[in-house]
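The values are calculated or read from the model by the stated rules, or taken from the named source; none is laboratory data. Bear in mind that the values here come from a model prediction, so they are computed numbers and not experimental data. Here the Cβ positions follow ideal geometry from the backbone for every residue, glycine too, while neighbour counts run over all protein chains shown. Only protein heavy atoms, including side chains, enter the accessible area calculation; ligands, DNA and RNA are left aside. Shrake-Rupley method; radii C 1.70, N 1.55, O 1.52, S 1.80 Å.
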Amino acid sequence: MADLFEDYPLGPGWDEMFGVPGEPRPTYEALHATLRPLAGGELRIRAEVLARAFLDQGITFALKGVERPFPLDIVPRIIAAEQWRHVEAGVAQRVRTLEAFLADVYGEGNVLRDGIVPRRLIVTSAHFHREAAGIVPPNGVRVHVAGVDLIRDEAGEFRVLEDNVRTPSGVSYVMENRRAMAHVLPEVFAQTRVRPVESYPGMLLQALRASAPAGVDDPTVVVLTPGVHNSAYFEHALLAREMGVELVEGRDLVCAGHEVAMRTTAGEQRVDVIYRRIDDEFLDPVHFRADSMLGCAGLLNAARAGNVTIANAVGNGVADDKLLYTYVPDLIRYYLGEEPLLANVETYRLDDPDVRTHVLSRLDELVLKPVDGSGGAGIVIGSQATEEQLEHVRQRIRLDPRGWIAQREVKLSMVPTLIEDRLRPRHVDLRPFAVNDGNQVRVLPGGLTRVALPEGALVVNSSQGGGSKDTWVLPEPGSPAEDWQDPFPGEIAVIPSPRRPDPGPGQSGNNQQQQQQQQARADGRVQC
């Protein structure tokens, strides 16, 4: 029987399982010992069971117009307790900083007057919305949910790749990956203690309830979705069900007298907190796109009046701007008086003429990114680009230097991944999810590990052909059993597919709405 790890090559990045060929790192010893005796064909069959289960449950996404199951690799990624401790503290530090920045930039603007961030950066950001200026959330929280994308560099150090504080998606895959893995690879769980992830809906609901308007003791919380045509609809439905709250569309809401209500069979019911999964531009046709049928007219006025909380807050996208990302280490020092726990990837600001000249002379060595891009769209990896592609991006940078950043090409860390019947190294990143309830920032143990499935690929996004891995965080030594026992010992939960419904006549299923839902796909242009 051939060894799954036969001829396993160590790639150009940090291999998270192996320090030297054939010798697993301590974190992976139990997993390596469990996987090694398995036949490649058997592992492949189990992987196919995973794919079928995801397809049957509607855990899919569209790639080039084709609906397919979100690829879950059968080999988990493991993070040691001490490594996670560092990640957890660094992500929480970053969220607290971005909270302070957003409150400042939509309020007094001290960070601009003190010259920490140039005013021109803010006013030229596509996601800075003056309409949100002066709106103060009831408990001061604007970033209720954050997804901070991390990578491990060639030395194995975690670094921040980008911030997502608008409507970060992907946590449903974290929960469903765990359920599926417990079902198809139980012997691995029997050998390894893993911190659970089922607490996320409760964490989120607690944070949303804590953000309710003043004087509301028992708030009504809803999840606002663009509808079944959105590629993240499965996640919207899952979170609403797990939290025990209503899943609504814009047509289900009505705003009058600066108060928001939802239509029910028993009449209108007041809504206090809206966890929205719709981009700012489609949220309120009074202030943004007048032709939007996805949101509800008057939401922003109701929020300004203090009668409803919108989570995440309108205007958060200015903190996702990749040019602002380069200032976050300075913002940590400015607002918290601390040194950054997680470093950025080395990044060049192309609005500086000298820096731009330097970058344009070595495009083939760098990674070029549009500052408002997401889902891997528009990224040019210089070492893998053609001369024609490099010339095209060179001209775009010259025309709009504010619209681009350049980064050192980091060889992302690698984790063994099932390719046909063998395990081969593939590049990965990590999106931990943080929830802020106003008192503390809690980080879900693990997060979404995304893997670039094509050999040598560095773009891990699902929209670019990537997949995911279950992310295991090991418990602290001596921790009680409830901190590590797996919460999903049984069958995979059967979840109805969101792809079935046909709007039909008279149910707002017109072409305009469907087109807008396509435009609003995947929460901020497919952030997964």
Inset, instruction - Provide the FRET efficiency to the nearest 0.05 for the Asp56-Glu23 pair, computing r from the beta carbons and using R0 = 30 Å. - result: 0.15
Legend entry - Rg/Rh for the stretch 108-226, where both radii come from Cα atoms and Rh is the Kirkwood radius: 1.06
Inset, instruction - Quick one: which residues, 5 or more positions from Thr220 or on another chain, have an amide H under 5 Å from its amide H? H modelled 1.01 Å from N in the peptide plane, none for Pro or chain starts. - result: Asp272, Val273
Legend entry - Alpha-carbon Rg with Dmax, taken over the chain, Å: 22.9, 72
Legend entry - Total charge dipole magnitude, the stretch 376-449, about the Cα centre, Cβ charges on Lys, Arg, Asp, Glu only, Debye to nearest 20: 200
Inset, instruction - Roll a 1.4 Å probe over the protein chains and send me the accessible area per residue for the chain in Å². - result: 39
Inset, instruction - For n ≥ 4 DSSP H runs only, could you compute -39500 (n - 2.57) per run for the chain, divide by its residues and tell me the 222 nm figure to the nearest 500? - result: -8500 deg cm²/dmol
Inset, instruction - Between Arg120 and Glu246, with labels modelled 7 Å along Cα→Cβ, what's the label distance in nm to one decimal, could you check? - result: 4.9
Legend entry - Estimated FRET transfer efficiency (Asp330, Ala33; beta-carbon r; R0 41 Å; 0.05): 0.35
Legend entry - Note, ³J(HN,Hα) from phi for the stretch 341-349, Karplus 6.51, -1.76, 1.60, rounded to Hz, x at Gly and Pro: 7, 10, 6, 6, 6, 4, 9, 10, 8
Inset, instruction - Quote the accessible area belonging to His229 in square angstrom, nearest 10, computed with a 1.4 Å probe and with ligands, DNA and RNA left uncounted. - result: 50
Inset, instruction - Would you mind checking which residues have amide H under 5 Å from Glu162's amide H? H placed 1.01 Å from N; only 5 or more apart, or other chain. - result: Asp149
Legend entry - Under-5 Å amide H pairs with Leu366, H placed in peptide plane, nonlocal only: Gly382, Ser383
Inset, instruction - May I ask for the net charge around Val443, where only other residues with Cβ less than 13 Å from the Cβ of Val443 are counted and Lys, Arg are +1 while Asp, Glu are -1? - result: +4
Legend entry - Whole-Å semi-axes of the ellipsoid equivalent to the stretch 261-415 (Cα gyration tensor, √5λ, descending): 40, 20, 15
Inset, instruction - Quick one: pull the percent of accessible area on the chain belonging to carbon and sulfur, 1.4 Å probe, ligands and nucleic acids left out. - result: 49
Inset, instruction - Using the charge dipole of the chain (Lys, Arg: +1 at Cβ; Asp, Glu: -1 at Cβ; taken about the Cα centre), state which of Pro454, Pro416, Ala237 has its Cα farthest towards the positive end. - result: Ala237
Legend entry - Dipole of the chain [Lys/Arg +1, Asp/Glu -1 at C-beta], most positive-end residue of Val393, His258, Gly478: His258
Inset, instruction - Pop the C-beta distance of Glu365 and Arg396 into the FRET formula with R0 = 22 Å and round what comes out to the nearest 0.05. - result: 0.75
Legend entry - Principal axes of the stretch 384-461: Cα extent on each, largest first, Å: 46, 45, 16
Inset, instruction - Quote the charge dipole size of the chain about the Cα centre in Debye, to the nearest 20; the model charges only the Cβ of Lys and Arg (+1) and of Asp and Glu (-1). - result: 800
Legend entry - Karplus-derived HN-Hα couplings along the stretch 443-453 (A = 6.51, B = -1.76, C = 1.60, θ = phi - 60°), whole Hz, x at Gly and Pro: 10, 5, x, x, x, 9, 8, 9, 10, 7, 6
Legend entry - DSSP beta bridges in the chain [antiparallel fraction, %, rounded to 5]: 75
Legend entry - Per-residue HN-Hα couplings for the stretch 225-231 [Karplus 6.51, -1.76, 1.60; θ = phi - 60°; Hz; x = Gly/Pro]: 10, x, x, 5, 7, 6, 5
Legend entry - Between the stretch 157-179 and the stretch 1-54, the Cα center-to-center distance that results, in Å: 23
Inset, instruction - Rank by packing, highest mean first: peptides 264-272, 407-415, with packing defined as the count of other Cβ atoms within 10 Å averaged across residues. - result: 407-415, 264-272
